[in-house]
1. Is it the case that the range 83-94 has a residue that's surrounded by 18 or more Cβ atoms within 10 Å (Cβ to Cβ), at pLDDT 95 or above, in a loop (DSSP other than H, G, I, E, B) and in the same structural domain as Phe37 (by TED's automatic domain parsing)?
2. Can you pull out every residue in the range 21-31 that is modelled with pLDDT under 95 and under 14 Å from Leu126 (Cβ atoms)?
3. Could you check Trp52 against (1) on the phi > 0 side of the Ramachandran plot; (2) in contact with a helix residue (DSSP H, G or I) (Cβ under 7 Å, 6 or more places away or on another chain) and say which number it fails?
4. Every residue in the range 31-52 that is part of a loop (DSSP other than H, G, I, E, B) and surrounded by fewer than 16 Cβ atoms within 10 Å (Cβ to Cβ), please.
5. Just checking, which of Trp34, Trp52 is aromatic (Phe, Trp, Tyr) and at pLDDT 95 or above?
6. Only one residue in Ala125, Ala137 is assigned to a strand (DSSP E or B), farther than 21 Å from Tyr17 by Cβ and modelled with pLDDT of 95 or more, so which one is that?
7. When the residues of the range 133-149 are filtered to those that are surrounded by 20 or more Cβ atoms within 10 Å (Cβ to Cβ) and of a type in the set (Ser, Thr, Tyr), which remaining residue is nearest to Ser113 (Cα to Cα)?
8. Identify the residue in the range 257-294 that is among the aliphatic types (A, V, I, L, M) and in contact (Cβ under 8 Å) with a residue 40 or more places away in the chain and, among all such residues, is nearest to Phe55 (Cα to Cα).
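The values are calculated or read from the model by the stated rules, or taken from the named source; none is laboratory data. For clarity, every value in this text was computed on a predicted model and none was experimentally measured. Don't worry about glycine lacking a Cβ; one is built from the backbone with ideal geometry, like all the others, and counts go over all protein chains shown.
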Amino acid sequence: MNGKILRINDNPVISTYNYYGSLMSMISDDPNIWPWFHSLFVQVVYCHEGNWYFFENGNDQRLFDQCLWLEKYSLPDHIIHKYQGFRDLVQESIDDEYFILANFDNYFIEASSSSYRQHHFIHEALVYGYDLNNNTAYIADNLNNGKYVYTACSLDTLDLAFSQVPPSESALFLYKKKESSYTLFNFNYVVHSLYCYKNGVPSLQVPILFETRIYGLAVLQHMVEDIHKKKNDGNTLDIRAYHLQYEHKKCMVLMLSYMIDHSYLLSGEECLTNYKKLTSEVLLLRNFVIKYNLTRKLNFLDNIEQRLINILKTETQIIDELLEKLI
């Protein structure tokens, strides 16, 4: 076979990090995933040590391990080295309906706006197709200033980017879609997660060693405090924090719509309408942060701070109203 592109959804509902974008690219064409998805993406976390924001259920391989719609295979180095080149592994895997998630050095990936020919940066990318006639591989990652994009590079470039990853950072996993499985919506866990989100405590009772974490609405308060620091040092704001908040509000809208449609939430239309309005406000906020990062105009920070405070107040009210209806 001279080429093949695996079926993907090129508009994943969440993609702040590549694990979210890659997972949803692979599975979101299956309608049976949504009860699982709506049960899972309620709580958000800030980790001080990593200085990053994510959904509580993970932004790494653990998220893939929870997914019922993918078979996972980890290829050890001695198997990988049996192939004459990475392109051979790509061709064989894609022909057999396997997606490839592997680490590459973005120094060699032209689509990487922040790393190409500037500095070495090892990051995971999803490989979902190839074309031997045009010497092309099709990949997806957060390559465009942190935005998750679908792009192409030469198979030679991908081979080089893979080969230059240090052994200590090398990783390659194959994923294949499973026969569709149906899961039930976990209503009790969602209510528990909403309560924990409101009160700033973890939803999952899993000990996190050597990390200091902030949960739920308290994450928004932390973002307000971060703005105070930026007023003094003039540094950029972490756009991932604001994009994750936008994606979280999108997830809440989708979850509430599902709960109303399936009679888990009665008389919830007002909460849904308010969350839709809040989603629009957070999108405007995120776009304003992008403008600030480009201009570094410190007077923008007052506007961003006030918007954040209003969003925190509004979401607190919506969550209170929602929990009154659910508990």
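1. No, the conditions are met nowhere in the range 83-94.
2. Here is the first cut: in the range 21-31, the ones modelled with pLDDT under 95 are 28-31.
Within the range 21-31, Ser28 is the sole residue that qualifies.
3. It is condition (1) that Trp52 fails.
4. Applying the first criterion (part of a loop (DSSP other than H, G, I, E, B)) to the range 31-52 yields 41-43, 48-51.
Selection gives His48, Glu49, Gly50, Asn51.
5. Trp34
6. Values: Ala125 fails: farther than 21 Å from Tyr17 by Cβ.
When all the criteria are applied, what remains is Ala137.
7. Going through the range 133-149, the residues surrounded by 20 or more Cβ atoms within 10 Å (Cβ to Cβ) turn out to be 137-143, 148.
Filter once more, so that each one left must be of a type in the set (Ser, Thr, Tyr): 138, 148.
On the way: Tyr138: 17, Tyr148: 12 Å.
Filtering first and then ranking leaves Tyr148.
8. Pass one, the range 257-294, residues among the aliphatic types (A, V, I, L, M): 259-260, 265-266, 272, 278, 282-285, 289-290, 294.
Subsequent filtering for residues that are in contact (Cβ under 8 Å) with a residue 40 or more places away in the chain retains 259, 265-266, 278, 282, 285, 289-290.
Values: Met259: 20, Leu265: 23, Leu266: 26, Leu278: 18, Val282: 17, Leu285: 19, Val289: 21, Ile290: 22 Å.
Top of the filtered list is Val282.
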